[in-house]
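Enquirer: Below is the structure I would like to discuss, written out as structure tokens.
The values are calculated or read from the model by the stated rules, or taken from the named source; none is laboratory data. As the structure is a prediction and not an experimental result, all values here were calculated from the model. All Cβ positions, even for glycine, are placed from backbone atoms using ideal geometry, and neighbour counts span all protein chains on display. Calculation scope for accessible area: heavy atoms of the full protein, side chains included, ligands and nucleic acids excluded. Shrake-Rupley method; radii C 1.70, N 1.55, O 1.52, S 1.80 Å.
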Amino acid sequence: VFSQMSLLSLYKLRELDLVPDSVKQEDRLIGQRIMDSYSNFDCSLLQHINRLGTLRCLTRLDVLVDQNMYLEQFMAELPNLLELGLNILTRPGLSKHVYLNYYIPRLEAVVAASKAPVLKVTVVAETKRQVSKVFRNKYVKKLVLTGPCTFNVFPVMEQLQEVVVNLETSLLDNNCTYWKSRSGDRGLHRAGLCCVNVGAVYGNCPNLERFMGVEVGMVSHKQTFSKWNFGMKKRFYDDYLQQGGSKEMKAWAKTRWISRRPVLPKNTGYDRVFN
């Protein structure tokens with residue numbers, strides 16, 4: 001393949017999509033062996049493009065990654081990206097050691113290294129653990145997440161303006177799978193909790209204007225957390241009612257809203273491992 005590619009001119013290459021049309025085989029997600037072959041091919045391809053000096057010209061990149069997060073080694077060679085898409089398919093049942101010492105640090109490191117103003121993260125499958133994923137970045141203006149309610153992202157993005165979260169909506173009374181959600185209260189998602197924790201944006205994302213379609217730009221970060229939280233809570237409760245919710249605000253807030261300011265991990269990325 002690469003001998004044939006050497007005959008191609010990639011001088012004008014600007015967009016690269018390395019996500020297969022399907023990640024299923026006989027109605028099951030592909031196994032680790034096939035995933036490894038995908039990753040090895042993609043890694044070799046990016047190395048080849050980098051040797052040609054074209055990688056730094058890419059403006060859009062969409063990749064399939066697992067817990068090994070091979071993309072990390074190329075991030076410094078992608079200074080002109082306008083959009084980065086990470087499609088995550090980790091091995092099922094990752095051990096606590098692999099999850100905390102490889103998957104999470106590498107994922108956070110890739111996010112932190114990206115200079116693309118648009119970051120799209122799609123979770124095809126991952127091991128479910130109640131661990132905060134801190135997405136630190138100085139360039140992202142739009143964050144688009146598609147994944148389970150339990151993905152647990154805490155954004156720390158000073159330029160972030162919009163958060164879009166795509167969640168399961170086809171399961172009628174069982175859409176929401178947020179931690180400890182009770183049967184009978186799973187029809188509507190918990191905006192502000194599901195997938196991305198809105199409490200983390202206080203003081204960390206001062207330019208945020210929209211979160212899951214809710215206008216939040218008018219709620220100042222220059223006030224105490226309790227006052228900020230009160231202003232946010234009113235807006236998200238109104239959104240809950242518009243979605244068809246029927247709980248009174250007090251009952252809604254008890255199971256569907258943040259009760260206190262989230263405490264983010266002191267160390268993120270590789271500092272989780274080496275400090």
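Enquirer: Could you work out the local net charge near Ile49, counting Lys and Arg as +1, Asp and Glu as -1, over the other residues with Cβ closer than 10 Å to its Cβ? Don't jump to the answer; show the numbers that get you there.
Expert: Numbers: positive: Arg51, Arg56; negative: Glu77.
Result for the local shell: +1.
Enquirer: May I pose another question? On the accessible surface of the stretch 184-275, probed at 1.4 Å, how many percent belong to carbon and sulfur atoms? Please list the in-between numbers first.
Expert: Details: 2530 of 5210 Å².
It is 48 percent, rounded to a whole number.
Enquirer: Sticking with this one: Any idea of the accessible area per residue across the stretch 108-165, 1.4 Å probe, to the nearest Å²? Mind showing how you got there, number by number?
Expert: Values: 2000 Å² over 58 residues.
About 35 Å² of surface per residue is accessible.
Enquirer: In addition: Taking the Cβ of Val273 as the center, what net charge do the other residues with Cβ under 14 Å away carry, scoring Lys and Arg +1 and Asp and Glu -1?
Expert: Local net charge: +1.
Enquirer: Long-range amide H contacts for Val123: which residues qualify at under 5 Å (H placed 1.01 Å from N, peptide plane, sequence gap of 5 or more or a different chain)?
Expert: Correct list: Ile88, Thr146, Gly147.
Enquirer: Now, a different point. What is the local net charge at Lys138, summed over the other residues whose Cβ is closer than 12 Å to its Cβ (Lys, Arg +1; Asp, Glu -1)? Present the calculation step by step, with values, prior to reporting the outcome.
Expert: Details: positive: Lys115, Arg136, Lys141; negative: Glu158.
Summing Lys and Arg as +1 and Asp and Glu as -1 gives +2.
Enquirer: Further question on the same structure: Return P(r) of the stretch 12-132 (all Cα-Cα pairs; 10 Å bins starting at 0; whole %; ordered from short to long distances).
Expert: 13, 46, 33, 9, 0
Enquirer: Under 8 Å for C-alpha pairs, at least 6 residues apart: give me the relative contact order for the stretch 118-210, rounded to a whole percent.
Expert: Numbers: 192 pairs, mean separation 27.3, N = 93.
Dividing the mean separation by the residue count of the stretch 118-210 yields 29 percent.
Enquirer: Hey, how many Å between the Cα centroid of the stretch 59-137 and the Cα centroid of the stretch 201-275?
Expert: 24
Enquirer: Of all beta bridges DSSP finds with both residues in the stretch 80-158, what is the antiparallel percent, to the nearest 5?
Expert: Here the share of antiparallel DSSP bridges comes out near 0 percent.
Enquirer: Still on this structure, please answer the following. Based on the inverse mean of 1/r over its pairs of different Cα atoms, what is the Kirkwood hydrodynamic radius of the stretch 149-275, in Å?
Expert: Working: mean 1/r = 0.0648 Å⁻¹.
This gives a value of 15.4 Å.
Enquirer: At q = 0.21, 0.22, 0.24, 0.25 Å⁻¹, what is the base-10 log of I(q)/I(0) for the stretch 229-274 according to the Debye formula with one equal point scatterer per Cα and no solvent? Please give it to two decimals.
Expert: Reported log10 I(q)/I(0), two decimals: -0.70, -0.73, -0.82, -0.87.
Enquirer: Could you tell me the relative contact order of the chain? Use alpha-carbon pairs under 8 Å, at least six residues apart, and round to a whole percent. Spell out each step's value before the answer.
Expert: Details: 481 pairs, mean separation 36.1, N = 275.
Normalised by residue count, the contact order of the chain is 13 percent.
Enquirer: Of Thr224, Gln73, Phe151, which is farthest towards the positive pole of the chain's charge dipole, taken about the Cα centre with +1 and -1 on the beta-carbons of Lys, Arg and Asp, Glu respectively?
Expert: Checking the options against the dipole of the chain, the answer is Thr224.
Enquirer: Give the percent of DSSP beta bridges with both residues in the chain that are antiparallel, rounded to the nearest 5.
Expert: Numbers: 4 of 38 bridges.
Approximately 10 percent, going by the DSSP bridge assignments.
Enquirer: What dipole magnitude, in Debye to the nearest 20, does the stretch 1-134 give about its Cα centre under +1 on Lys/Arg Cβ and -1 on Asp/Glu Cβ?
Expert: Working: 16 positive and 14 negative charges, 60 e Å.
I would put it at about 280 debye.
Enquirer: Mean 1/r over all different Cα pairs, inverted: what Kirkwood radius does the chain give, in Å? Write out the running numbers ahead of the final one.
Expert: Values: mean 1/r = 0.0499 Å⁻¹.
Value: 20.0 Å, from the Cα pair sum.
Enquirer: At a threshold of 8 angstrom on Cα-Cα distance, excluding pairs fewer than six apart, so keeping six or more, what relative contact order does the stretch 1-159 reach in percent? Walk me through the intermediate numbers first.
Expert: Numbers: 264 pairs, mean separation 29.2, N = 159.
For the stretch 1-159, the relative contact order is 18 percent.
Enquirer: I would also like to ask the following. Taking the Cα centre of the chain as origin, sum charge times position over the Cβ atoms of Lys and Arg (+1) and Asp and Glu (-1), and report the length of that vector in debye to the nearest 20. All intermediate terms of the calculation are to be shown ahead of the outcome.
Expert: Numbers: 38 positive and 25 negative charges, 243 e Å.
The calculated dipole for the chain is roughly 1160 debye.
Enquirer: When the scattering of the stretch 79-124 is computed by the Debye formula from its Cα atoms alone, each counted once and equally, what is log10 I(q)/I(0) at q = 0.19, 0.24, 0.28, 0.29 Å⁻¹?
Expert: Normalising to I(0) and taking log10 leaves -0.66, -0.90, -1.05, -1.08.
Enquirer: Compute the whole-percent fraction of alpha carbon pairs in the stretch 182-240 spaced more than 12 Å apart. Let's see the in-between values first.
Expert: On the way: 1158 of 1711 pairs.
In whole percent, the share of Cα-Cα pairs in the stretch 182-240 beyond 12 Å is 68.
Enquirer: Now for a separate question. Which of Lys115/Lys142; Lys222/Lys247; Lys180/Lys250; Lys138/Lys234; Lys180/Lys247; Lys96/Lys128 have a Cα-Cα distance over 21 Å?
Expert: Values: Lys115/Lys142 12 Å; Lys222/Lys247 30 Å; Lys180/Lys250 18 Å; Lys138/Lys234 29 Å; Lys180/Lys247 18 Å; Lys96/Lys128 10 Å.
Check vs 21 Å cut-off fails for Lys222/Lys247; Lys138/Lys234.
Enquirer: Another question about this same structure. How much accessible area per residue does the stretch 189-275 have, in Å², with a 1.4 Å probe? Display every interim value, and only then the final one.
Expert: On the way: 4950 Å² over 87 residues.
Normalised by residue count, the accessible surface of the stretch 189-275 is 57 Å².
Enquirer: Run the Debye formula on the Cα coordinates of the stretch 141-204, all scatterers equal and no solvent, and tell me log10 I(q)/I(0) at q = 0.25, 0.27 1/Å.
Expert: Those come out to -1.03, -1.14, one per q.
Enquirer: Lys/Arg Cβ at +1, Asp/Glu Cβ at -1, dipole of the chain taken about the Cα centre: which of Tyr240, Tyr270, Met35 is farthest positive-ward?
Expert: Towards the positive end, the residue furthest out is Tyr240.
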